[in-house]
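K.L.:
Let me give you the structure first, and then I'll get to my questions.
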Amino acid sequence: MTTATTPVKAFSFGGGWQSMAALVMAATGDLDYRTFLMANVGDDSEHPGTLRYLRQYAMPYAEEHGIELVVLDRVMKRTRMVRTLYQDLTREGSRSLKIPVRMLNGAPGTRSCTVSFKIEVVGDELKRRGASKSNPATVGIGINLDEIGRANKRRCEPHEEIEYPLLERGIRRIDCARIIRSAGLPVPPKSSCWFCPFHRPETWHDMRRNEPDLFEKACRLEDLLNRRRDELGKDHVYLIRFARPLRNAIPDGVDTLPFDDEDTGCDSGWCMT
């Protein structure tokens with residue numbers, strides 16, 4: 001049982017290449033982490049492929065190697081009920097726009113999804129385990145060398161100290177795939193919410209081609225948000241930076257899209273690792 005004087009150390013597990021590579025490295029003794037915490041934004045919100053991989057590969061692998069991999073839900077403090085991000089966006093009467101929807105100029109709006117559904121959820125668990133301002137937890141974030149610009153220790157919460165163990169070891173994204181495969185595991189899909197406005201156009205295109213039902217669900221979510229915007233007399237918002245409805249911006253039946261090297265904008269490392 002962790003006490004207030006015992007240092008808390010945990011890795012933020014996002015379900016993607018980086019945190020899965022970190023899990024393998026912890027299992028082989030190359031990283032000193034025995035606890036991995038995943039803030040689940042909701043079974044209706046995380047990409048289904050991430051959840052499948054989590055349950056089919058990551059959790060059994062962690063258990064086999066004596067590593068604690070804990071999946072955390074966002075629990076409302078007043079009602080003690082689980083609340084998902086998709087529920088927040090779609091519940092009747094909600095004006096919530098926690099995700100960084102794209103405005104008419106293509107720029108993302110403000111967002112609170114990472115704070116509310118990732119940082120605070122993990123933070124509550126760290127504090128439950130004894131982390132505090134005077135006894136901060138060490139939290140590993142899976143940013144690799146290719147993403148060095150995302151590393152920013154000024155984003156620490158008072159109860160934590162951030163580490164970037166992959167970055168410190170010079171590990172690149174391609175190395176993450178090699179590390180995962182060395183454990184006999186398949187490489188996981190990119191982790192994210194399936195409706196994230198930071199998706200590149202290529203990601204939306206792949207979804208329309210390979211997961212048409214999920215793509216249509218994203219289009220219906222965009223429609224719902226804009227019906228509410230109409231009621232409020234506000235400009236429309238979009239899930240893609242082209243300032244057009246997703247159905248129109250991503251043509252059906254087209255095999256290729258123009259190359260897009262725009263940064264995703266999700267710089268914290270909490271969501272996509």
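K.L.:
Read phi for every residue in region 60-65 and hand back ³J(HN,Hα) as whole Hz from Karplus 6.51 cos²θ - 1.76 cosθ + 1.60, θ = phi - 60°, with x for Gly and Pro.
P.N.:
For region 60-65, the Karplus-derived couplings read x, 5, 4, 4, 4, 9 Hz, x marking Gly and Pro.
K.L.:
Please list, in order along region 235-245, the HN-Hα scalar couplings obtained from phi with the Karplus expression 6.51 cos²θ - 1.76 cosθ + 1.60 (θ = phi - 60°), rounded to whole Hz, x for Gly and Pro.
P.N.:
5, 5, 10, 9, 9, 9, 6, 7, 6, 9, x
K.L.:
Next question. If you wrap a convex hull around the C-alpha atoms of the chain and split its volume per residue, what is the figure in Å³?
P.N.:
Working: hull volume 39.3 nm³, N = 273.
For the chain, the hull spanned by Cα atoms encloses 144 Å³ per residue.
K.L.:
Hey, what's region 85-233 come to in accessible area per residue, 1.4 Å probe, Å²?
P.N.:
Details: 7340 Å² over 149 residues.
Value returned for region 85-233: 49 Å² of accessible area per residue.
K.L.:
I want to verify the translational diffusion coefficient of region 12-53 in µm²/s; compute it with Stokes-Einstein, Rh as the Kirkwood radius over Cα pairs, at 4 °C and 1.567 mPa s. Don't skip to the answer; put the middle values down first.
P.N.:
On the way: Rh = 11.0 Å.
The Stokes-Einstein estimate is 117 µm²/s.
K.L.:
Testing the spin-label approximation: label points 7 Å from Cα along Cα→Cβ at Glu161 and Ile174. State their distance in nm.
P.N.:
Taking the simple label geometry, Glu161 and Ile174 are separated by 3.5 nm.
K.L.:
Using the Karplus equation 6.51 cos²θ - 1.76 cosθ + 1.60 (θ = phi - 60°), what ³J(HN,Hα) coupling, rounded to whole Hz, does each residue of region 178-188 give in order, writing x for Gly and Pro?
P.N.:
Karplus-based 3J(HN,Hα) across region 178-188 equals 5, 4, 5, 5, 5, 8, x, 10, x, 6, x Hz.
K.L.:
What residues qualify as long-range amide H neighbours of Ile143, i.e. H under 5 Å apart, gap of 5 or more or another chain, H built at 1.01 Å from N?
P.N.:
Long-range HN contacts for Ile143: Leu166, Leu167.
K.L.:
Share of the chain's accessible area from carbon and sulfur, percent, 1.4 Å? Intermediate values should be presented prior to the final figure.
P.N.:
Numbers: 6570 of 13450 Å².
Roughly 49 percent, rounded to a whole number.
K.L.:
What does the highest-first list of 84-95, 115-126 look like by mean Cβ count within 10 Å? Show your work: numbers first, answer last.
P.N.:
On the way: 84-95: 15.2, 115-126: 20.0.
Listed from highest to lowest mean packing, they are 115-126, 84-95.
K.L.:
Follow-up. Quick one: compute the contact order of region 129-225, relative version, from alpha carbon pairs under 8 angstrom and 6+ residues apart, as a percent. Before the final figure, lay out the partial values.
P.N.:
Working: 76 pairs, mean separation 20.4, N = 97.
Dividing the mean separation by the residue count of region 129-225 yields 21 percent.
K.L.:
Would you compute, from DSSP H runs of 4+ residues alone, the mean residue ellipticity of the chain at 222 nm, taking -39500 (n - 2.57) per run and dividing by the full residue count, rounded to the nearest 500?
P.N.:
On the way: 10 runs with 87 residues, N = 273.
Result for the chain, helices only: -9000 deg cm²/dmol.
K.L.:
What length, rounded to one decimal in nm, is gained on full extension from Thr28 through to Ala107, with 0.36 nm per residue of separation minus their alpha-carbon distance?
P.N.:
On the way: separation 79, 0.36 × 79 = 28.44 nm, distance 4.25 nm.
Gain on extension, Thr28 to Ala107, equals 24.2 nm.
The values are calculated or read from the model by the stated rules, or taken from the named source; none is laboratory data. Predicted model, so just to flag it, every value in this text is computed and none were measured. Cβ coordinates were reconstructed from backbone atoms using ideal geometry, including for glycine residues, and neighbour counts include every protein chain displayed. We work out accessible area using only protein heavy atoms, side chains counted, and drop any ligands, DNA or RNA first. Shrake-Rupley method; radii C 1.70, N 1.55, O 1.52, S 1.80 Å.
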